[in-house]
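Working notes, structure below.
The values are calculated or read from the model by the stated rules, or taken from the named source; none is laboratory data. Keep in mind that what you see is a predicted model, and the values were worked out from it rather than measured. Here the Cβ positions follow ideal geometry from the backbone for every residue, glycine too, while neighbour counts run over all protein chains shown. Side chains included, ligands, DNA and RNA excluded: accessible areas come from the protein's heavy atoms. Shrake-Rupley method; radii C 1.70, N 1.55, O 1.52, S 1.80 Å.
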Amino acid sequence: MAVIRTNSEQIKLLARLLRAEAEGEGEQGMLMVGNVGVNRIRSNCLDFKNIRTIQQMVFQSPGGFESTQKPYFYQAARDREIRLAQDVVNGRRIDPARNALWFFRPVGACPPTWYNQANSGRFKAHCFFVPTQADCPRVYT
């Protein structure tokens, strides 16, 4: 059962984001990007208040995703990424992105915090960061 309301076109948009942000990190990395995106929609906290749709989440400005400014993002979604996008919309969550609202690719090691948000771990090149449960309880449900 879906954890956010969406439709097939929004799933394809999310699939394009997964590929553009994390294709080089494989299916697990793409699922983690999806976790962050779905968490932003579910959270209604901090930088992500009133983000209710995949479209709003993907194109949020400021605070959105860098890949939306690159031509690769605008290529059609592929079946593999569509399946992964549907998996995260259906509630599949993977650590360290399970409760994450942010990720980035540092030059070196992951910092313990990023903009006062705790590091939840690293997967390949990306570090993930989580809000506190007090700040964003819906991310933890």
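Does region 57-103 classify as rounded, prolate or oblate by the C-alpha gyration tensor (a ≥ b ≥ c root eigenvalues; a/c under 1.5 gives rounded; else a/b over b/c gives prolate, otherwise oblate)?
Oblate shape, in that a/c is at least 1.5 and b/c is the bigger or equal ratio.
Using a 1.4 angstrom probe on heavy atoms only, work out the carbon and sulfur share of the accessible area of region 1-44 in %.
Summing carbon and sulfur atoms, their accessible area is 43 percent of the total for region 1-44.
Can you give me the accessible area per residue for region 1-133, using a 1.4 Å probe, in Å²?
Accessible surface, normalised per residue, equals 51 Å².
Taking K and R as +1 and D and E as -1, what net charge do the other residues with C-beta under 12 Å from the C-beta of L17 add up to?
Charge balance in the 12 Å sphere: +1.
Given DSSP loops and a limit of at most 11 other Cβ atoms within 10 Å, what is the longest stretch of the chain that contains no such trypsin sites (Lys or Arg not before Pro)?
Longest gap between qualifying sites, sites excluded: 50-141.
Please list, in order along region 2-15, the HN-Hα scalar couplings obtained from phi with the Karplus expression 6.51 cos²θ - 1.76 cosθ + 1.60 (θ = phi - 60°), rounded to whole Hz, x for Gly and Pro.
5, 9, 9, 7, 7, 9, 5, 5, 5, 4, 5, 5, 4, 4
Give the residue from S43, F123, M30 lying farthest towards the positive end of the charge dipole for region 5-127; charges sit on Cβ (+1 for Lys and Arg, -1 for Asp and Glu) and the dipole is referred to the Cα centre.
Farthest towards the positive end: S43.
What is the distance in Å between the Cα centres of region 1-70 and region 110-141?
16
Taking every alpha carbon pair in region 59-137, what does the distance histogram look like in 10 angstrom bins from 0, in percent?
15, 38, 39, 8
Give the dimensionless ratio obtained when the Cα radius of gyration of the chain is divided by 2.2 N^0.38 Å.
0.95
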